[in-house]
1. Sort Met19, Met85 so that the residue with the fewest other Cβ atoms within 10 Å of its own Cβ comes first and the one with the most comes last.
2. Where in region 62-106 does the amide nitrogen come within less than 13 Å of the point 7 Å from the Cα of Ser31, taken along Cα to Cβ?
3. Using only DSSP helix segments of four residues or longer, with each worth -39500 (n - 2.57), what per-residue ellipticity at 222 nm results for the chain after dividing by its residue count and rounding to 500?
4. How high is the FRET efficiency from Glu24 to Leu48, r the C-beta distance, R0 41 Å, rounded to 0.05?
5. Work out the count of Lys pairs in region 56-147 where the Cα-Cα distance is under 24 Å, with the pair 8 or more places apart or on different chains.
6. Using just the C-alpha positions of the chain as equal point scatterers, what log10 of I(q)/I(0) does the Debye formula give at each q in 0.19 1/Å?
7. About the Cα centre of the chain, how large is the charge dipole given +1 on each Lys and Arg Cβ and -1 on each Asp and Glu Cβ? Please answer in debye to the nearest 20.
8. Any idea which of Gln61, Thr23, Phe33 is furthest toward the positive side of the dipole for the chain, if Lys and Arg beta-carbons carry +1 and Asp and Glu beta-carbons -1?
Amino acid sequence: MKTYKENHKHTNDFDWEVMYVQTEHWKDESSFFDEEFQFLHNLIGGFLVWLSSEEDLHQAQSLVERLNTLSNQNRALARRITGQMIALEELQNGSFTGDELKVKNDAVAIRATLDEFITDFRSLKKEIHYLTKILSKTEKLNRLKKT
């Protein structure tokens with residue numbers, strides 16, 4: 001009986017283990033972003049109490065909506081990554097019955113989606129940082145005026 005590798009000689013040149021390690025890294029990144037979302041939600045939530053202008057409140061609510069959207073995208077990405085890891089495990093142990101090219105193409109697509117997600121996340125985080133910086137200064141100034 002032929003082994004999986006003998007039946008799939010065209011894939012012997014491809015190192016599924018390397019791809020699996022890369023996919024594990026993506027999963028770690030996704031988990032990190034989950035923690036970042038929690039932190040940013042808490043940060044914005046703490047500032048919502050101190051907002052005094054309607055414009056600041058609207059801007060904070062807009063950031064929360066974008067944060068929720070990105071959080072949902074991260075969860076969807078994590079599910080894709082998990083599916084990819086399962087396929088790669090099966091490829092390594094010889095039980096995979098699907099399309100190997102699809103696994104490779106999915107990896108490329110996941111990487112592109114992750115790159116775009118990271119760019120969007122960094123942009124949003126900068127905006128949140130900017131808003132909290134402005135609000136911190138504004139609220140300190142308002143408190144000083146009251147005393």
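Values in this text are rule-based calculations from the coordinates and carry no lab data. Quick caveat: nothing in here was measured; it's all calculated off a predicted structure. Here Cβ is always computed from backbone atoms with ideal geometry, including for glycine, and neighbour counts include all displayed protein chains.
1. Values: Met19 19, Met85 16.
So the residues, fewest neighbours to most, are Met85, Met19.
2. 82
3. Estimated from H runs of four or more residues: -30500 deg cm²/dmol.
4. Working: r = 37 Å, r/R0 = 0.89.
Once rounded, the FRET efficiency stands at 0.65.
5. Final tally of qualifying lysine pairs is 9.
6. Results for the chain at q = 0.19 Å⁻¹ read -1.06.
7. On the way: 20 positive and 24 negative charges, 144 e Å.
Rounded to the nearest 20 debye, it is 700 debye.
8. Gln61
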